[in-house]
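The values are calculated or read from the model by the stated rules, or taken from the named source; none is laboratory data. For clarity, every value in this text was computed on a predicted model and none was experimentally measured. We place every Cβ from the backbone using ideal geometry, glycine too, and count neighbours over all the protein chains shown. Note: accessible area is taken over every heavy atom of the protein model, side chains too, but ligands, DNA and RNA are not part of it. Shrake-Rupley method; radii C 1.70, N 1.55, O 1.52, S 1.80 Å.
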Amino acid sequence: MTQQVRIMRGWEWGRPVRPVRREVLDAVPGLDDGRPPLLFVPGFGHGAWAFAEHWLGHAAARGFPAHALSLRGQPGSDPAPEATLRAYAHDVVQVAASLPRQAVLVGHGAGALVVAHALARYPARAAVLVAPVFGGWGTALAALRRNPLGTLPALFGGRLRVSRAQLFGRELPGEDARRHLARLGHPARRAQWQLLFGREPEPAVGDPPVLVLGSPDDRILPGPALTRAARRYGSAPLLFPGMGHDLMLDARWREPVDALLDWLEKEPSRG
Amino acid sequence: MTTSTDHGRSDLESSSLALTRDGRSVSDRGDTVCVIGAGASGLTAIKNLTEHGFGVDCYERETGVGGAWNWRHDRSPVYASTHLISSRPFTQFPDFPMPDDWPDYPHHSQLLSYLERYAEHFDLRRHVWFGTEVVRVEPADGDRWDVTTRSTGGYGPERTSQYAAVVIANGHNWSPKLPDYEGLAEFRGEAMHASSYQDPAQLRGKRVLVVGAGNTGCDIAVEAAQQASRCWHATRRSYWYAPKYVLGRPVDQVNDVLLALRVPRRVRQWLYHLTLRLTVGDLTRFGLARPDHRMLETHPIVNSQLVHYLGHGRITPVPDPVRFHPHSVELADGRRIDPELVVFATGYLPRFDFLDPKILGDDGTVGRPVLWLNAFAPNHPTLAVAGLVQPDSGMFPLSHWQTVLFARLLRSRVTRPGRVAGFAAAVVARAGERYAGPVRDSSRHWFEVGHVDYLRALQRALHDLEAK
């Protein structure tokens, strides 16, 4: 495989990202049988809590040490109104490198874009992109069409508001949906802006296997964008019809996480 | 893929297959690559080779990883107070950052824990044969290598294994370079090389002469200023002493912001001289000679405290010693001083005892390998030296990219032989190239590299190798 590696990073060497306190929630199996740790990275507006709800415990019950991170500015971590995608990727790489073994990075929504940026800096064991929002105009226009009032201000640096129908399928009880919606926060302005106009992620180092999960009924991520994101990594998305954007909080949350863990169990480890 | 865990088995199966020139049996290790040394450069070699799908056997003479940074190792040059000279972003491996709540300039014990965590994180220890030293490395047919090893200290029988490639990462800061002074043998005081210096207690209450103005010499002079009853600091020539912080930031970070902004070298030199003039001012005031070169033209000495203690009179700068007498030392300006302890911080020499020097392009007279990118030997496409550089910055990123390039070169030997031939031609044509800008040529500067020039050269080599 030929890919251009970037060695020179003068700007990053000269202006390293400022350290912050980061929230990391863990669920670790009682018996360590050497499986790779999972690091879940939430998308914009979410936080580690979104994975702590179901997926962390489930992964640990199946023998995988599971960790979820709140990016800077997300509830639980230090506030960071000026955060950028670079700072978010830095947060992911910092936590991944602090784990005892080479980690599997799992990013959801815009968190998948953060993971893609982090993969250029950290040789993950594998990566899983869940409903990956890689940004660009296509995503913005789709969101605008489905939720004009919530999306329009975000295009001008304001706050992005997402609706229940965008995030969850119909099966999720209204009470749960309301509870989750109430916990949503707001992403940093610059990071939100970079989601639209930012640089493409660089190629991943260490050539990790990548799995892409999504739903054809996702009302934030248009189907072609999902396919495009998967194609970047030479794969096709694994689809879960009937689910909303937040696959980890939806009523049938168990199906995608089981698919993810099954894939990791089958994926032969390197070295 | 072959891994070190089946070493014994493959040895049994293949021991009758081949013999070395002097008739010893050789076990064939197939496509496995041999790495010599499990210090920072060796570890990153193991990691990058396994990441590119190669099996690796690493031989380490000590019983732990970390090489020079492991103070338990008898060849480790670190002393109790050793801190980094380059700040964190320049020191860490590019794909495994140090915790961002660590200080800008971590302590050597933190560096060891970092290397141990790196080995743990990427599961590198299973490739390392600890307590095993390499006795001989000899070229074999088909660009392969016969590597002969034995237990450290010479116990037990030697064994020879044949490898597809070899990475030499045995370090270059362990074999002391001791100057030959007249009368040194008759000197009644204590004389030691900085490699034996461990702890400031060794200096306490004594009259100390520190010889050498490298970073180690300056560090020890500063400790002597705090502990000894008297401290002379002898330097042959005069240097610029960069502070560890300028404009509120680590000095190398400020420099690289200027580099990222493509500020020309002349302007950067001017800015440095201005900064120094505004802070410490004229160094000749302290009795130092005026540097005979501009900033950025010798290996940078980064020490904020030396000037501080010169100003407090705790360090007396003196010229180089010329002759030792039983109870005194005669200096180049004719003065005599009477130290009780002399510490020679006169550096180290790279050594490759296990290898015919001609293989590294050294004809045996100068003792300097002639390599391309300080790593690749002409006509030996499966041999690389990792970490044979004296950068104006941290070492680990350079070793990392050297070994990435080597791993990709080895992989290309199978997939794109045409490109590899071009690379081999470049190695022959460009061996001995230097990457230090207009740096003064002195014995300790022959493998000096500017990190930006050097990494750019590596980047170009990598792109040429992988271009479509």
Hull volume in cubic angstrom per residue (convex hull over the Cα atoms of the stretch B:178-346): 119
Solvent-accessible surface (1.4 angstrom probe) belonging to A:Trp137, in square angstrom, nearest 10: 130
Whole-Hz ³J(HN,Hα) from phi, Karplus 6.51 cos²θ - 1.76 cosθ + 1.60, for the stretch B:427-432, glycine and proline x: 4, 5, 5, 10, 4, x
Placed amide H near A:Asp217: partners under 5 Å, 5+ positions off or other chain: A:Gly242, A:Met243
With every protein chain in place, the stretch A:10-266: carbon and sulfur % of accessible area (1.4 Å): 55
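Given R₀ = 35 Å, FRET efficiency for A:Ala140-A:Val28 by Cβ-Cβ distance, to 0.05?
0.35
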Relative contact order of the stretch A:42-196, pairs being alpha-carbon contacts under 8 Å that are 6 or more residues apart, as %: 25
Amide proton proximity set for A:Ala66, modelled H, under 5 Å, gap of 5+: A:Ala27, A:Val28, A:Leu38
Label-point separation in nm, A:Thr227 to B:Leu178, each point 7 Å along Cα→Cβ: 7.5
Solvent-accessible surface ranking, highest first, for B:Tyr348, B:Tyr454 at 1.4 angstrom: B:Tyr348, B:Tyr454
Counting DSSP beta bridges with both ends in the protein assembly as shown, the antiparallel % (nearest 5): 35
Inter-centroid distance (Cα atoms) of the stretch B:36-108 relative to the stretch B:178-228, Å: 27
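Keeping every protein chain in place, order B:Phe286, A:Phe240 by accessible area at 1.4 Å, biggest value first, i.e. largest first.
My answer, sorted largest first, is B:Phe286, A:Phe240.
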Relative contact order (%) - chain A, alpha-carbon pairs under 8 angstrom, separation at least six: 19
Integer Hz, Karplus 6.51/-1.76/1.60 couplings in order for the stretch B:227-236, x for Gly and Pro: 10, 7, 7, 7, 9, 9, 10, 9, 10, 6
Placed amide H near B:Trp232: partners under 5 Å, 5+ positions off or other chain: B:Val208, B:Leu209, B:Val210, B:Thr316
Spatially proximal lysines relative to B:Lys468 (Cα-Cα < 28 Å; intrachain offsets below 8 disregarded): B:Lys47
Estimated FRET transfer efficiency (B:His463, B:His327; beta-carbon r; R0 60 Å; 0.05): 0.45
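Using alpha-carbon pairs under 8 Å, 6+ residues apart, how would you state the relative contact order of the stretch B:27-149 in percent?
Normalised by residue count, the contact order of the stretch B:27-149 is 26 percent.
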Cross-link partners of B:Lys244 among aspartates and glutamates (Cα-Cα below 17 Å; sequence separation of 8 or more within a chain): B:Asp104, B:Asp219, B:Glu223, B:Asp252, B:Asp256, B:Asp392
Reference-scaled alpha-carbon Rg (2.2 N^0.38 Å with N residues) for the protein assembly as shown: 1.06
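Ignore the peptide's own chain and count Cβ atoms of other chains within 10 Å of each Cβ in A:72-85; give me the average, rounded.
Per residue, the number of nearby Cβ atoms from other chains is 0 on average.
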Under Karplus coefficients 6.51, -1.76 and 1.60, residue-wise ³J(HN,Hα) of the stretch B:85-90 in Hz, glycine/proline x: 9, 9, 7, 3, x, 8
0 to 90° range, to nearest 10: angle between helix B:108-121 axis and chain B longest Cα axis: 20
Per residue, the convex hull volume that the Cα atoms of chain B enclose (Å³): 158
Linear extension gain, A:Trp11 paired with A:Arg164, 0.36 nm per residue minus alpha-carbon span: 51.0 nm
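Can you check what the net charge comes to around A:Gln74, using other residues whose Cβ is under 11 Å from the Cβ of A:Gln74 (Lys, Arg +1; Asp, Glu -1)?
Cβ neighbours under 11 Å give a net charge of 0.
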Efficiency of FRET between B:Asp282 and B:Asp143 - r from beta-carbon atoms, R0 51 angstrom, step 0.05: 0.35
Euclidean distance of C-alpha centroids, the stretch A:88-156 and the stretch B:246-300, integer Å: 41
For the stretch A:10-266, alpha-carbon Rg relative to the globular expectation (2.2 N^0.38 Å, N residues): 0.93
Point-charge dipole on Cβ atoms (K/R +1, D/E -1) for the protein assembly as shown, about Cα centre, debye to 20: 2360
Extended-chain gain in nm, criterion 0.36 nm per residue less alpha-carbon gap, B:His273 and B:Arg294: 6.7 nm
Chain B - share of DSSP beta bridges that are antiparallel (%, nearest 5): 40
Paramagnetic label zone (point 7 Å from Cα along Cα-to-C-beta, B:His83; backbone N under 16 Å) in the stretch B:282-314: B:301-309
Candidate residues B:His293, B:His325: accessible-area rank, largest first, probe 1.4 Å: B:His325, B:His293
0 to 90° range, to nearest 10: angle between helix B:451-466 axis and chain B longest Cα axis: 10
Chain A: most fluctuating residue of A:Arg161, A:Arg232, A:Arg86 per GNM, C-alpha cutoff 10 Å: A:Arg232
Cα-based helix-to-principal-axis angle, B:396-415 vs chain B, degrees rounded to 10: 20
